[in-house]
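Report on the following structure.
The values are calculated or read from the model by the stated rules, or taken from the named source; none is laboratory data. Since the model is a prediction, treat every value here as computed from it, not as a measurement. Positions of Cβ are backbone-derived with ideal geometry, glycine not excepted, and every protein chain shown enters the neighbour counts. These accessible areas exclude ligands, DNA and RNA; they are computed on the full protein's heavy atoms, side chains included. Shrake-Rupley method; radii C 1.70, N 1.55, O 1.52, S 1.80 Å.
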Amino acid sequence: MFRSLVFCCVSIILFSAELSGADDAKVVLRNRKIEARAGEVVLFLAKEPFCVGRRVGDRAAWGLLQKSNIIKDAEKLLNTPIPELPEALYKEYYRNGNRTNYQNVRSQKYRRIAVFVLAECIEDKGRFIAPLEETIRSICADPSWTLPAHDRNAEIYDGKAVYIDLVSSDTSVELGLAVSWLGEKLSRGVRELIYENVERRTLRPYEQAVKSGNIGRNWWITGGNNWNSVCHANVVGAVLALVGDTSRRAWYIAAAETFMQPFLNGFTEDGYCSEGIGYWNYGFGHFVDLSEMVHQATGGKVDFLTMPKVKNCALFGVRMEVVPGKFAAFADCAIDAKPSPSLVKFLSRRFQFGFTDYENYQDKLSNLKSTGIYCFPNSATNTPPNRKQPTPLEDLRTEFPNAGVMIFRPRAGETKQIAVACKGGHNAEQHNHNDVGSFTVMFAGGMQIIDPGGEIYTQRTFSNKRYQSNLLNSFGHSVPVINGQQQKSGNNTNAKIIAKMFSDKKDSCTINYAAAYGLKELKKLERTFELTRADADEAGRAGGTNVLTVTDEVELETAGSFETALITYDSWDKKDVKNVDKDIKNDAKDSNDSAKDSNDDGAINLTIGKEGQKLRVIVTAFVDDKILPLRFEASEIDEDAMARKKPTRLAIKIIPKITKAKIITTITPL
């Protein structure tokens, strides 16, 4: 390599907020621990910087990747001008809150780094070097590597501040790997340009923040969500690829090891990721990236995957599978989100889970860091495989008791049976939705009743106006509205599991979720989920259909209003209650022994789902021996969802005001 970065002796720039004496003492103690740990780690590091992957000169390694389409992609870019990122496009976010327009163009521009580097490493003819260097010069000339949404009042763009975000750190590690892999194929001037920019935009701000304790806009350093692991993986990856000083590399590893504990604290002890599967892929995936880069750099002497709770976190993705290929999508998550097969493959092998279907997945080229980790030998490929083990999908249920999340499934192999994922938890989770008591119902390959997923991010999404969104507040979830009030957000909204019963025949769980509403007049609000499985024949196959009932019991100090709702992206229809089969009517009545009969006003009869995937939904309400009249209203939720379509809210309202009631929703296959 041409040369290594030399540690820059810089003055610590203090932010305006001063540390208290107690905080200062904590920072001093933490920094001493980091320095002491770095003194141990330095003994494990090679003298030359290197991260993951293979240098271009390793023709045997790169020859194994020649079947990729990356050469064709790079050839197309040869004739495509570098996308421009004018100031007006960057600052559109501050004018109207739109994040998408700038981010789309930026992605096209910055993606050129990985495409040209991979193409050159595979082909090794030099024809992609000139366009790569042109791209690098253009990127290094950009006033900001961060996203406008992460740049407060454009202070980075305008040269008033420097701090690190998800994508600026990603750019740093991608450029670092370009230097690491291509070496002197890149010109001296371009390598110097990369060193200077990564140092100024990423490394120096990180060191100043940690050593001073004035983290400021680099809040993620001690944060408990995906930002922590993503930024740390990228920052450490850049250091390992570029910095020659072994003491400095060791310090970054020791610092990252220290700050991974707050990240892991964002998971419950049972491994539940409240950010959802998409952010598990992203956040926990980068934790695994960081672990692997450090593992390779230290010869396996430092292994973050041995930290407490990590094994449980590693199982989260596969445990969220409700039916084959369908996963529960709570929080800011796309409704079709799935765990990354590359990530699960790696974890299955490292922890010897024995998920052989995942382990047979063929990893694909992507960005440089992921390619370097997953497409070349790593600590997972060096771990002997376990014999095939059942996945959590084959279990009748999955429970995350610390998170209050449960999944009840039909017997393995039964595709024409209902499955349900139900959520307790609270409304102060990472990427939170106000959704305590929400549930998702899946049947015959469909997702008929569903959490609507996240919205397309705008300035509002992560502001104090977040819960104006009817996708993110409780109006957009299958939960009640009481006295006209939706659920509150905050720490005092926890649901409590007050009863549960599991058997091969029936699973049930009851939660007390009155705290989610924060209403003084609300004396009681309990919801029971009960899945009754169809009887099995001698071969273990279901001989009929299963039934899901969702029962709410509510009590108020004074008479008030109550409505519940079902959220769907599917087609639906309201039927005449007279057409309801007698056995379904009786199922509803049997839930209240005093109920004598039903009538047109006392039950709502719906079908939800496409042909071949339809569910029948009957909603009834009772108070003592009286069936309460109901009103049905359907409305489209007019928000821009990640699903690129608008969900429908099917509301069922008790017509008279009540002081107590039992509301029973019975769901069966048609």
Legend entry - Filter result for Arg99 (in contact (Cβ under 8 Å) with a residue 40 or more places away in the chain and of a type outside the set (S, T, N, Q)): yes
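From the list Ile407, Ile373, which residue is in contact with a helix residue (DSSP H, G or I) (Cβ under 6 Å, 6 or more places away or on another chain) and touching a residue at least 40 places away in the same chain (Cβ under 8 Å)? It would help to see each step written out before you state the result.
Working: Ile407 fails: in contact with a helix residue (DSSP H, G or I) (Cβ under 6 Å, 6 or more places away or on another chain).
Criteria check complete, one pass: Ile373.
Rundown of residues vs (1) part of a loop (DSSP other than H, G, I, E, B); (2) polar (S, T, N, Q), yes/no style:
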{"site": "Val52", "(1), (2)": "yes, no"}
{"site": "Gly57", "(1), (2)": "yes, no"}
{"site": "Asp73", "(1), (2)": "no, no"}
{"site": "Leu77", "(1), (2)": "no, no"}
{"site": "Pro81", "(1), (2)": "yes, no"}
{"site": "Glu84", "(1), (2)": "yes, no"}
{"site": "Tyr94", "(1), (2)": "no, no"}
{"site": "Gln103", "(1), (2)": "no, yes"}
{"site": "Ile122", "(1), (2)": "no, no"}
Legend entry - Hits in region 56-114 - residues which are open to solvent by 30 Å² or more (accessible area, probe 1.4 Å), under 27 Å from the mean Cα position of the chain (by Cα) and of a type outside the set (D, E, K, R): Tyr94, Asn96, Asn98, Thr100, Asn101, Gln103, Asn104, Val105, Ser107, Gln108
Inset, instruction - Pick out the one residue from Leu519, Leu525, Leu531 that is modelled with pLDDT of 95 or more, open to solvent by less than 40 Å² (accessible area, probe 1.4 Å) and in contact with a Leu (Cβ under 7 Å, 6 or more places away or on another chain). - result: Leu531
Legend entry - Residues satisfying the stated conditions in region 340-372, i.e. more than 18 Å from Gly283 (Cα to Cα) and β-branched (Val, Ile, Thr): Thr356
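Here are some residues: Glu455, Glu394. Which one is acidic (Asp, Glu) and open to solvent by 10 Å² or more (accessible area, probe 1.4 Å)? It would help to see each step written out before you state the result.
Working: Glu455 fails: open to solvent by 10 Å² or more (accessible area, probe 1.4 Å).
Testing whether each residue is acidic (Asp, Glu) and open to solvent by 10 Å² or more (accessible area, probe 1.4 Å) leaves just Glu394.
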Legend entry - Yes/no for Ala334 being surrounded by fewer than 22 Cβ atoms within 10 Å (Cβ to Cβ), of a type in the set (A, V, I, L, M) and at pLDDT below 95: yes
Inset, instruction - Filter region 579-628 down to the residues that are within 25 Å of Ile567 (Cβ to Cβ), β-branched (Val, Ile, Thr) and not in a loop (DSSP other than H, G, I, E, B), then identify the one that is modelled with the lowest pLDDT. - result: Ile584
Inset, instruction - Find the residue count for region 250-292, including only residues that are over 20 Å from Cys422 (Cα atoms) and either open to solvent by 10 Å² or more (accessible area, probe 1.4 Å) or in a strand (DSSP E or B) (or both). - result: 10
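Filtering region 24-50 down to residues that are of a type in the set (Asp, Glu) and either at pLDDT below 95 or not in a helix (DSSP H, G or I) (or both), which residue is least open to solvent (accessible area, probe 1.4 Å)? Before the answer, list the steps.
Taking region 24-50 and keeping what is of a type in the set (Asp, Glu), we get 24, 35, 40, 48.
Applying the additional criterion that residues be either at pLDDT below 95 or not in a helix (DSSP H, G or I) (or both) yields 24, 48.
Working: Asp24: 73, Glu48: 113 Å².
The qualifying residue least open to solvent (accessible area, probe 1.4 Å) is Asp24.
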Inset, instruction - Identify all residues within region 458-474 that are open to solvent by 10 Å² or more (accessible area, probe 1.4 Å) and either small (Gly, Ala, Ser) or in contact (Cβ under 8 Å) with a residue 60 or more places away in the chain (or both); write none if there are none. - result: Thr458, Gln459, Arg460, Phe462, Ser463, Asn470
Inset, instruction - Kindly indicate whether any position in region 216-224 is open to solvent by 10 Å² or more (accessible area, probe 1.4 Å), in a helix (DSSP H, G or I) and without any contact (Cβ under 8 Å) to a residue 40 or more places away in the chain. - result: yes
Legend entry - Candidates Ala329, Ala412, filtered to the one that is touching a helix residue (DSSP H, G or I) at 6+ places or on another chain (Cβ under 8 Å), of a type in the set (A, V, I, L, M) and crowded, with 17+ Cβ neighbours inside 10 Å: Ala329
Legend entry - Matching residues, region 611-644, being open to solvent by 70 Å² or more (accessible area, probe 1.4 Å) and within 12 Å of Glu455 (Cβ to Cβ): Asp638, Asp640, Arg644
Legend entry - Test set (1) open to solvent by less than 60 Å² (accessible area, probe 1.4 Å); (2) over 24 Å from Leu606 (Cβ atoms); (3) over 21 Å from the mean Cα position of the chain (by Cα) - Phe502 fails condition number: (1)
Inset, instruction - Quick one: count up the residues across region 293-343 that are part of a helix (DSSP H, G or I) and touching a Gly at 6+ places or on another chain (Cβ under 6 Å). - result: 5
